[in-house]
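Read through the structure below, which is laid out as structure tokens, and then see the notes.
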Amino acid sequence: MPDDADAADGDAAGRDATRSASQQAALGVVAVARRLGVATGTLRTWDRRYGLGPSDHRSGTRRRYTARDLARLGVMRRLMLEGVAAGDAARAAIDTDVDVLLADDPGGRAAIPPDVPAPGRTRRGGGRVVPLRNASPAARGLARAAMSLDGDACAAMVTTSVRRRGVVPTWGDLVVPVLAGVGERWRTTGTGVEVEHLLSESVEAGLRAGVRLRRPPATVRPVLLAALEPEDHRLPLVVLSAALAEAGLPMRLLGPRLPVRALADAVSRTGPCAVFLWSQGAAGPPALPDPAGWAAVRPRPLLLLGGPGWSERDRWQSGASWVADLPEAVEAVRVVTATAPTR
């Protein structure tokens, strides 16, 4: 067996090798300044004033920025481009989970703000903007990334917000204003469908990465989430499923364009305490199911309706409960699962 001295030498050699590899992967001040589109003096100021410098810097050595350092600086640069004060941007950058940004981008390329051209990279977006009224700096940043078709950045922003604030605030304060702005831009210009599609996919990816699941008790009856034919909007169902998973409430996501017969089969197989149906209405009104057909499930599941596609007549004839927004939907599910008999 090696003695303690040999073991210590081996540990030291391992640390030296790791440090050497890290330094080889790191970037100097000039390279980072070029990548972010700022002066080298600005980087030194950010280090001195806000502590956003090289994390492994030692006195007497050259400043070398790792991918994590670059990602954090990229967050600050993005926010400052949106008009956020330097101090506030720095605090947000320090609080950001940059590992999310680097999950699929070990080299830190995603840290480059979409409006800043870097070597070998052309400016994207062409100065196009999304009309946002009274939106937060974070929402404006998400809109800019969406217009640049920067899906990785959009997903990372959503993930960071979900982990810091939760699904409901992220949806209401960050995502909804941008989706509304993209929709308004499409109505006025006839362009931007690709932006909406990318943003929707990115939001789903961000939610999946950001939600910390709380497993509900196996004895609690679930809630079914679906949109009936011909409704093909999926994102509202995904957002509600993420909010319920975050709250530890049981659910089954069946998705859009579900036939009424398939919903009836799912009800009989799972014995849910409630069924939530979404309708955007763009593809035409779906045929409402008849809850009387669910009589085999006792007690009969509560029918919850959400979305602008349902009319007052739909709600009245079905005897359903109406939920106006995401917080109401989560609370309705919370109440029905708390009062429903266990399996």
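For the pair Ala218 and Arg313 in one chain, pulling the backbone fully straight at 0.36 nm per residue adds 30.6 nm over the alpha carbon distance. Taking all Cα pairs closer than 8 Å and separated by 6 or more residues, the relative contact order of segment 134-198 comes to 38 percent.
The HN-Hα couplings worked out from phi for segment 222-229 by the Karplus form 6.51 cos²θ - 1.76 cosθ + 1.60 (θ = phi - 60°) are x, 10, 8, 10, 7, 10, 7, 3 Hz, whole numbers, x standing for Gly and Pro.
Summarising the amide proton neighbourhood of Leu302: residues at separation of 5 or more, or on other chains, whose placed amide H is nearer than 5 Å comprise Ala274, Val275. Ranked by the mean number of other Cβ atoms within 10 Å of their residues, highest first, the peptides 183-195, 33-45 come out as 33-45, 183-195. Let me know the shape class of segment 191-244, please: from the alpha-carbon gyration tensor, a ≥ b ≥ c as square roots of the eigenvalues, rounded when a/c is under 1.5, otherwise prolate if a/b is greater than b/c, or oblate. It is oblate, given that a/c is not under 1.5 and a/b is not larger than b/c. Highest mean packing first, where packing is the average number of other Cβ atoms within 10 Å per residue, the peptides 88-99, 197-208, 68-79 line up as 68-79, 197-208, 88-99.
Once the C-beta distance of Thr188 and Ala324 is scaled by a Förster radius of 41 Å, the resulting FRET efficiency is 0.95 to the nearest 0.05. The gain in end-to-end length when the Ala266 to Arg48 segment is fully stretched comes to 72.5 nm, 0.36 nm per residue minus the alpha carbon separation. Each pair of Cα atoms in segment 120-228 enters the Kirkwood radius, and Stokes-Einstein at 25 °C and 0.890 mPa s then converts it into a translational diffusion coefficient of 163 µm²/s. Kirkwood radius for segment 223-339, taken over all pairs of different Cα atoms as the inverse mean of 1/r, rounds to 13.9 Å. Peptides 222-229, 300-307 ranked from most to least packed, by the mean per-residue count of other Cβ atoms within 10 Å: 222-229, 300-307.
A short reminder: the numbers here are calculations on the coordinates, not readings from a lab. From a predicted model like this one, the values you see are computed outputs, not experimental measurements. For neighbour counting, all protein chains shown are included, and Cβ atoms are generated from backbone atoms with ideal geometry for every residue, glycine included.
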